[in-house]
Amino acid sequence: MNLLAFSRRASSRRASSGPASPLPASPLPAPRGDSRARLRRQLAIAVAMASWALSQPSGAAPTEHGAPAGVAAEAAAQAPGPLLQPAQLQALLQRGAALRIVDLRDPDDYAAGHLPGAVDAPYARWRSGAANPGKLLPVERFVHLVRSLGLRDGDQVVLVSAGGDPTDFGAPARVYWTLKWLGMRHLSILNGGMQSWKDAGLGGLQTAVPRVVPSHFVAHPDAALLATREQVLQATRAPEASRVLLDARPVAFWEGKAKAPAAVEPGTIAGSVDFNNLRWFPQGGGALPAPAVLRTIASGLPTQEQQARQTISFCNTGHWAATNWFVLSELLHRPGVRLYPGSMVDWSRHDEPMTHVPSRSDQLWAQLKQTWHSR
């Protein structure tokens, strides 16, 4: 006899004997005959429920949170990815999706018009001072900032910058990395920022400032995303096949022909390779191309990057490097990609091993030429 037949026979017997009395919250002792009858009724109900569950489509099976698995899968499929096109974001807004939009532009630009519900969080608030812009703020300061924006662990956060040029993409990429390092996982970047939104002919901008309820966010820093100076130094001493030190700056910086104002001297980290972040933007502008194009561009990476246990992305202050990190880690899903936040400004200030460092006379001559051209 199969389960369904057994269930029907048991249900028929139960129906002929009249409706069953509800079970008390705390069963009391009962005569032996009643106990056996009650046991038969409970067994019949359990078998019937099992038969019904087996007869349902697999997508209707409940998940651990009580929602059907099919519904959960559909929701996951509709969840925003790391990179949102303007039309995708507009569709989410029109559908009333629960989003937390963080506007990284200057306060004046934000005041002139922003996306519905966007909160004002200028990029400068996520960075250290001009002396060492890439240096990480203390975790407590980041937590205070995140809480003041009303962001919570489970929120879907969309980061919006001005857009317009490749360098600007580093702002949302760096904040994306910062939030993920702090423990947030549902993050997206509006590809091309507000410039792409306007270029697409989309409107709906607002000037009203939304009311923000501070959150109780608790940081859980992810060490797997961060490369400290000490870890970078260890990487320079490791076999080349085991790691890649990826310089995201324009080639003149890597060659020692240019340097950031806050860096002590020009040059690059010993053993690094050049991979200018501008390569990801073959058409110019501030929007990344299609995934297939990105994969083709990534084929120009050093061969060992495909097999290395870790890739460390750096630049002058961790801004351009954030773009390399974002594309490799979040869009191309390369494992073991880390960001060195302080990058060359931090590295050069601690007398760490460098290559492509010009002689003092060459550096002096370069400074004189720069001063002359700036007049």
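The values are calculated or read from the model by the stated rules, or taken from the named source; none is laboratory data. The shown structure was predicted, so the numbers you read here are calculated from the model rather than taken from an experiment. Here Cβ is always computed from backbone atoms with ideal geometry, including for glycine, and neighbour counts include all displayed protein chains.
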**Only listed residue being under 22 Å from residue 291 (Cβ atoms), surrounded by 22 or more Cβ atoms within 10 Å (Cβ to Cβ) and not hydroxyl-bearing (Ser, Thr, Tyr), chosen from 89, 104, 83** = 89
**Prompt:** In the list 273, 244, which residue meets the criterion of being within 25 Å of residue 293 (Cα to Cα) and free of Cβ contacts under 8 Å to residues at least 40 places away in the same chain?
**Reply:** 273
**Complete:** The number of residues in segment 155-175 that are of a type outside the set (S, T, N, Q), under 24 Å from residue 111 (Cβ atoms) and assigned to a helix (DSSP H, G or I) is 7
**Prompt:** Residues 328, 294: which one is in contact with a Leu (Cβ under 9 Å, 6 or more places away or on another chain) and within 16 Å of residue 243 (Cα to Cα)?
**Reply:** 328
**Asked** What single numbered condition from (1) farther than 26 Å from residue 193 by Cβ; (2) assigned by TED's automatic domain parsing to the domain that holds residue 340 fails to hold for residue 216?
**Response** (2)
**Message:** Looking at 294, 368, 364 in this structure, which one is at pLDDT 90 or above, out of contact with any Ser or Thr (no Cβ under 8 Å at 6 or more places or on another chain) and farther than 23 Å from residue 133 by Cα?
**Reply:** 294
**Request:** Go through (1) not assigned by TED's automatic domain parsing to the domain that holds residue 83; (2) not in a helix (DSSP H, G or I) and name the single condition residue 231 misses.
**Result:** (2)
**Asked** Which ones in segment 68-105 are among the acidic types (Asp, Glu) and either touching a Pro at 6+ places or on another chain (Cβ under 6 Å) or modelled with pLDDT under 95 (or both)?
**Response** 74
**Request:** Kindly list, by first and then second residue, each pair from a residue in segment 126-155 that is in the same structural domain as residue 181 (by TED's automatic domain parsing) and over 15 Å from residue 343 (Cβ atoms) to a residue that is aliphatic (A, V, I, L, M) and surrounded by fewer than 14 Cβ atoms within 10 Å (Cβ to Cβ), limited to pairs with Cβ atoms under 8 Å and residues at least 6 apart or on different chains.
**Result:** 143/218; 150/213; 153/218; 155/98
**Request:** Evaluate the following for residue 184: is it assigned to a loop (DSSP other than H, G, I, E, B), crowded, with 19+ Cβ neighbours inside 10 Å and either in the same structural domain as residue 115 (by TED's automatic domain parsing) or in contact with a helix residue (DSSP H, G or I) (Cβ under 8 Å, 6 or more places away or on another chain) (or both)?
**Result:** yes
**Item:** Which numbered condition residue 207 misses (of (1) more than 13 Å from the chain's Cα centre (by Cα); (2) crowded, with 21+ Cβ neighbours inside 10 Å; (3) of a type outside the set (D, E, K, R))
**Value:** (2)
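Conditions (1) closer than 26 Å to residue 193 by Cβ; (2) within 17 Å of the chain's Cα centre (by Cα); (3) assigned to a loop (DSSP other than H, G, I, E, B), marked per residue:
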{"residue": "261", "(1), (2), (3)": "yes, no, yes"}
{"residue": "284", "(1), (2), (3)": "yes, no, yes"}
{"residue": "288", "(1), (2), (3)": "yes, yes, yes"}
{"residue": "297", "(1), (2), (3)": "yes, no, no"}
{"residue": "313", "(1), (2), (3)": "yes, yes, no"}
{"residue": "326", "(1), (2), (3)": "yes, yes, no"}
{"residue": "345", "(1), (2), (3)": "yes, no, no"}
**Request:** For segment 111-125, name all the residues that are assigned to a helix (DSSP H, G or I), surrounded by fewer than 17 Cβ atoms within 10 Å (Cβ to Cβ) and in contact (Cβ under 8 Å) with a residue 12 or more places away in the chain.
**Result:** 111, 112, 125
**Message:** Exactly one condition in (1) surrounded by 15 or more Cβ atoms within 10 Å (Cβ to Cβ); (2) part of a loop (DSSP other than H, G, I, E, B) is false for residue 198; which is it?
**Reply:** (2)
**Asked** Do the conditions hold for residue 283, that is, is it over 28 Å from residue 120 (Cα atoms), modelled with pLDDT under 95, exposed (fewer than 13 other Cβ atoms within 10 Å of the Cβ) and not assigned by TED's automatic domain parsing to the domain that holds residue 183?
**Response** yes
